[in-house]
């Protein structure tokens, strides 16, 4: 009898919704779920807050005419979720089991069980791994032109990459910046021809072929980049005020393999009637950059977060 009581005591609580991630998508989902009266757990990660935690100035999120610091915005978002009694675990997900009810999510602390799960673990921009790159991230080094481009109005910037994303970022920046220099390690882009044609027609965009950025220059902000010609080995310094990386993103989905459908690492949505954020696993939904490889904005992630919470609520109601 005592043994039975002990086993009951250590069984994990059953949540209505478990949210994986604490960026804009995850926290918005948590706010919507808790306000709907759903018992909600947020597994936020050891490094909580998503990509906005490394963004110094957010000027394109509605409601802040003077802009706001990324970490400040995420702190306010979390407090709002906590106000509605969302439970937070600041730990990383190690594995999941979505094969049956209850759905199970493991962290280093142990197992957590829920009737539904919202995946909002996001995607991390790929960086070059240069000596000063991390130090100057948010101070001239960026991986999102549409997020930060306005801060470089009338300045000179470098874009690294050769795909469609690099073309799009460069063209966007060319409308704001004095000059845009595209650095590509090969002698031809892999981007679509139509995107290349648009880039070559832009009067203030130049291309450095067979080259790579090997260091970022500057103490408190970007003041230049060091460029190496991969064929000759010769290095030169280029004076610029911004470095934009357009070499892809890596969705945080390694722990999901075999549990939901993925495409190049991104969660694939399998919409059903009235459930637009559903995945291939029953009772599992996705929101934000973890499935959205096109827009990757805080405001769109938040929108997906609200949609996922509403879908989870509707799905739970259908289960009785």
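Checking every residue in region 230-245 against the condition of being modelled with pLDDT under 95 and touching a helix residue (DSSP H, G or I) at 6+ places or on another chain (Cβ under 7 Å) gives zero matches. Just one residue in the set 219, 250 is in a loop (DSSP other than H, G, I, E, B) and within 30 Å of residue 72 (Cβ to Cβ); that residue is 219. When residues in region 76-90 are screened for being under 17 Å from the mean Cα position of the chain (by Cα) and surrounded by fewer than 14 Cβ atoms within 10 Å (Cβ to Cβ), 0 of them pass. Can we say residue 190 is out of contact with any strand residue (DSSP E or B) (no Cβ under 7 Å at 6 or more places or on another chain) and either outside the structural domain of residue 155 (by TED's automatic domain parsing) or under 30 Å from residue 43 (Cβ atoms) (or both)? Criteria not met by residue 190. If you go through region 32-54 and keep only what is more than 18 Å from residue 315 (Cβ to Cβ) and either touching a strand residue (DSSP E or B) at 6+ places or on another chain (Cβ under 9 Å) or outside any loop (DSSP other than H, G, I, E, B) (or both), you end up with 42, 43, 44, 45, 48, 50, 51, 52, 53, 54. Taken as a whole, the structure places residue 281 among residues that are over 16 Å from the mean Cα position of the chain (by Cα), buried (at least 17 other Cβ atoms within 10 Å of the Cβ), assigned by TED's automatic domain parsing to the domain that holds residue 81 and in a loop (DSSP other than H, G, I, E, B).
The rows are residues; the columns are (1) over 30 Å from residue 139 (Cα atoms); (2) touching a residue at least 60 places away in the same chain (Cβ under 8 Å).
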{"position": "63", "(1), (2)": "no, no"}
{"position": "68", "(1), (2)": "no, no"}
{"position": "78", "(1), (2)": "no, no"}
{"position": "83", "(1), (2)": "yes, no"}
{"position": "91", "(1), (2)": "no, no"}
{"position": "95", "(1), (2)": "yes, yes"}
{"position": "100", "(1), (2)": "yes, no"}
{"position": "108", "(1), (2)": "yes, no"}
{"position": "115", "(1), (2)": "yes, yes"}
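Remark: residue 272 matches the filter, which requires a residue to be exposed (fewer than 15 other Cβ atoms within 10 Å of the Cβ), in contact with a strand residue (DSSP E or B) (Cβ under 9 Å, 6 or more places away or on another chain) and in the same structural domain as residue 42 (by TED's automatic domain parsing). One residue stands out among those in region 48-61 that are at pLDDT 75 or above and under 18 Å from residue 141 (Cβ atoms): the one that is farthest from the chain's Cα centre (by Cα), which is 59.
When residue 233 is tested against (1) surrounded by fewer than 16 Cβ atoms within 10 Å (Cβ to Cβ); (2) in a strand (DSSP E or B), just one condition goes unmet, and that condition is (2). When you scan region 286-304, do you find a residue that is within 24 Å of the chain's Cα centre (by Cα), farther than 16 Å from residue 122 by Cβ and surrounded by 13 or more Cβ atoms within 10 Å (Cβ to Cβ), even just one? Taking every residue of region 286-304 in turn, none turns out to be within 24 Å of the chain's Cα centre (by Cα), farther than 16 Å from residue 122 by Cβ and surrounded by 13 or more Cβ atoms within 10 Å (Cβ to Cβ).
Regarding residue 289, is this residue part of a helix (DSSP H, G or I), at pLDDT below 95 and on the phi < 0 side of the Ramachandran plot? When the stated conditions are applied, residue 289 passes them.
The values are calculated or read from the model by the stated rules, or taken from the named source; none is laboratory data. Keep in mind the model is a prediction, meaning the values are calculated, not measured. All Cβ positions, glycine included, derive from the backbone under ideal geometry; neighbour counts span all protein chains shown.
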